[in-house]
Amino acid sequence: MTQEFDIAASLVEGVGGRSGAWTFVRGFAAHWASPLESADGWTEVDLTAAEERLGVRLPTALREAYLLFGRRRDLTSNHDVLLGPTELYVDDAKVALVFRHENQGAVSWGILLDSLQDDDPAVFFRTNMADGSAERWEGWMESLSLSFVEIVLSESLQADGDLCDFLDADDHDVESLEESFVRLPFPVYPIGEEEHGSRWFLGQDALLRADAGAVIFARGRTTEGLKRVRDLIPGDWLNDYR
């Protein structure tokens with residue numbers, strides 16, 4: 001899968017369910033990173049051992065994602081961290097199965113224990129305080145497969161300093177983004193944050209995410225793609241040393 005990969009069209013299927021999500025991940029990996037290989041996933045033995053240790057059955061979507069690309073850290077763990085099967089754990093309050101951490105531990109993502117029987121359950125997140133306490137679990141995304149699509153997209157924004165950049169944005173920057181780039185068919189998140197959540201955009205060889213209208217992340221598939229982003233949204237880009 002090469003230049004024929006249509007990220008917007010594939011994403012329509014990718015947000016619709018597990019099968020479309022994994023097809024999207026395959027295409028995105030081939031076009032924006034490197035193609036998936038058989039060794040990129042964990043094994044059934046790894047997942048069964050995790051289930052026996054935890055005393056729970058992992059949801060189908062989690063198993064499928066781990067089997068397909070769970071070991072591909074370039075797709076899952078450039079910034080935040082997808083936990084491996086031996087690292088999965090149930091939180092102290094016995095509310096959720098945790099599968100992902102923010103890179104400094106400030107946020108955790110998990111699946112509520114009472115929804116583990118669902119094939120593709122919703123994903124929740126919580127903020128972890130410096131004193132060791134944690135906020136309550138809040139809605140992140142409506143399905144686990146959708147969350148994995150977001151993980152792959154978001155981690156691509158942290159893939160390479162020469163291809164990735166970051167801008168503290170003002171209203172004018174956001175207007176330039178909305179005028180110059182195509183909004184991708186991905187729902188605003190976290191759940192319930194339609195006005196202040198994260199949105200995805202696409203340009204020529206460029207992928208962008210706007211967070212709460214205050215931050216813009218950009219990833220070029222090529223250096224030329226990232227340069228076009230900077231030209232269309234002039235500003236104090238973190239990695240722009242021109």
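Below, the figures for the structure above:
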| item | result |
| --- | --- |
| Angle between the chain longest axis and helix 60-69 axis [Cα atoms, degrees, rounded to 10] | 60 degrees |
| Cα centroid separation, segment 84-105 to segment 39-54 (Å) | 16 Å |
| Segment 51-165 shape via C-alpha gyration tensor axes, a/c threshold 1.5 | oblate |
| Length-normalised contact order of the chain in % [C-alpha pairs under 8 Å, at least 6 apart] | 15 percent |
| Angle in degrees between helix 171-180 and the longest Cα principal axis of the chain, rounded to the nearest 10 | 90 degrees |
| Computed lengthening from GLU142 to ARG183, 0.36 nm per intervening residue step minus Cα-Cα distance | 12.8 nm |
| Theoretical gain in end-to-end length, GLU224 to PHE166 [0.36 nm per residue, Cα-Cα removed] | 19.3 nm |
| Karplus-derived HN-Hα couplings along segment 85-97 (A = 6.51, B = -1.76, C = 1.60, θ = phi - 60°), whole Hz, x at Gly and Pro | x, 6, 9, 4, 8, 9, 5, 4, 7, 6, 10, 9, 8 |
| Net lengthening on full extension, VAL90/GLU44 (0.36 nm per residue, minus Cα-Cα) | 14.5 nm |
| Chymotrypsin sites (Phe, Trp or Tyr not before Pro) lying in DSSP loop within segment 143-201, provided at most 15 other Cβ fall within 10 Å | none |
| Most mobile listed residue (SER38, SER115, SER154) in the chain, GNM with C-alpha springs under 10 Å | SER38 |
| Within segment 45-83, backbone nitrogen closer than 14 Å to the virtual label 7 Å beyond the Cα of LEU112 toward Cβ | none |
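None of the figures in this text is laboratory data; all of them are computed from the coordinates on show. Here the structure is a predicted model, which is why all the values come from computation and not from measurement. Neighbour counts run over all protein chains shown; Cβ positions are idealised from the backbone, glycine included.
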